[in-house]
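These notes are about the structure you will find just below.
Just so it is clear, none of the values below were taken in a lab; they were calculated from the coordinates. It should be emphasised that the depicted structure is a prediction, and the values quoted were computed from it without experimental measurement. Cβ coordinates were reconstructed from backbone atoms using ideal geometry, including for glycine residues, and neighbour counts include every protein chain displayed.
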Amino acid sequence: MRSDPESDAVAYLFENRGRLCAKLFVGKRARPDWHYWFKSPEAREKRIQEGFQDRRRMLASRTRYRPSNAGIEIGHIFVASWGYDQTNVDFWQVTKVIGKSMAEVRPIGSLDASSENEAPLTEHVVPYADHFIGPARRVRISNSGFSPESFIHARLWDGKPCYASHYA
């Protein structure tokens, strides 16, 4: 048995029918992440080190993208642009910050910020702050924003008008 001092990965080395084998377990899992046989001790050692390195990388990325509403304040506006044949734009305003990773948001209306030379059935919109058009809901805020629906991801609005298109 060999364990990685920098992660929770453990490799078990053994022989089966004359073949060099190894299994790699991570965390508290009962099943191995992988179970291979190898042609040489060097190949087995290389794969074990790669497994340890992959686990360290995964643990590092998990802490880097932990949900955090750091910097999010009441009044901040989020925007999501979505759609298939048309581009819908939705805005949400933060009405309450709850703990380290939650916020209460409400959908808000938008104002047309188009210029004279827009293409037909297209426009640029900006949020209409404090003009609420729906009920409040709690969402989990991450570094990149939140997902109000399974098919939408809202990000912090950058202050620029957003492109939208629609049918008559």
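If you plug each phi of the range 146-160 into the Karplus form 6.51 cos²θ - 1.76 cosθ + 1.60 with θ = phi - 60°, what whole-Hz ³J(HN,Hα) values come out, in order, with x for Gly and Pro?
8, 10, x, 9, 5, 10, 10, 10, 9, 10, 4, 5, 8, x, 9
Amide H of residue 154: which non-local residues (sequence gap of 5 or more, or other chain) have their own amide H closer than 5 Å, using H built in the peptide plane?
146, 147
Helix 41-64 versus the longest principal axis of the chain: what angle, 0 to 90°, nearest 10, using Cα atoms?
Roughly 30 degrees, rounded to the nearest 10.
Hey, any idea what Rg/Rh is for the chain, computing Rh the Kirkwood way over Cα pairs?
1.26
Hey, which lysines would be in cross-link range of residue 39, C-alpha to C-alpha under 16 Å, not counting anything within fewer than 8 residues on its own chain?
Counting by Cα, and skipping residues close in sequence, residue 39 has these lysines nearby: 23.
For a footprinting-style exposure proxy, rank 160, 23 by other Cβ within 10 Å, fewest first.
If I rank by nearby Cβ atoms, fewest first, I get 160, 23.
If amide H atoms are built 1.01 Å from N in the plane of the peptide, which residues on other chains or at least 5 residues away come under 5 Å of the amide H of residue 20?
Amide H neighbours of residue 20, under 5 Å, 5+ apart: 38.
Going by amide H atoms built from the backbone, whose H comes under 5 Å of the H on residue 110, apart from near neighbours?
Those qualifying (amide H under 5 Å, at least 5 residues apart or on another chain) are 128.
Please arrange 157, 92 by how many other C-beta atoms lie within 10 Å of their C-beta, fewest to most.
157, 92
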